[in-house]
Amino acid sequence: EEEEGAGAEEDGDDAEDEEDEADGAEGVAARFLALQRGLSERLRALPPPGPPVALVYAPLEYAWEPHRRFVRRFLRAPTAVLFLGMNPGPFGMAQTGVPFGEAWHVREWLRVSGAVRRPPREHPKRPVLGLRCPRAEVS
């Protein structure tokens, strides 16, 4: 299920996507996103963890659109990048797909938009509200 209103395009997003497509598969952002997709596929192939782990949130699966837009907007030139795997905060990347990105900052400061789907299973105290999440990340 997609978050209502989250998929609305902002002015300039279409032009940004077209510009990135013009870079083709050789663009820095495109290569980075392809690496992330490949690593996500490898993680998805692992057996699920057992107790005490009951749920796993995978924001690069259900919040790919805002994540992709974030990477395409801000990873523009060849640069050394260290992308660390970490536990996304429940009110940050777990909501938006943007590393260290609580919803207000992603929406209003970074100006990143995009649809966020619901993960297959959610903890009742940690629902994914996407870019509409009113809570702030404390970490």
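None of the figures in this text is laboratory data; all of them are computed from the coordinates on show. Just so it is clear, the structure is predicted and the values come from calculations on it, not from any experiment. Glycine also receives a Cβ, built like all others from the backbone with ideal geometry; neighbour counts cover every protein chain displayed.
Here are the numbers:
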{"quantity": "Per-pair calculated FRET efficiency, R0 = 41 Å: Arg31 and Glu122 via Cβ, rounded to 0.05", "calculated": "0.80"}
{"quantity": "HN-Hα J in Hz across segment 111-119 - Karplus 6.51, -1.76, 1.60, θ = phi - 60°, x for Gly and Pro", "calculated": "6, 9, 10, x, 6, 10, 7, 7, x"}
{"quantity": "Sum of side-chain charges, Leu33 neighbourhood, beta-carbon under 9 Å (Lys, Arg +1; Asp, Glu -1)", "calculated": "+4"}
{"quantity": "Whole-Hz couplings from phi, Karplus 6.51/-1.76/1.60, listed for segment 37-47; x for Gly and Pro", "calculated": "4, x, 5, 4, 4, 5, 5, 4, 6, 5, x"}
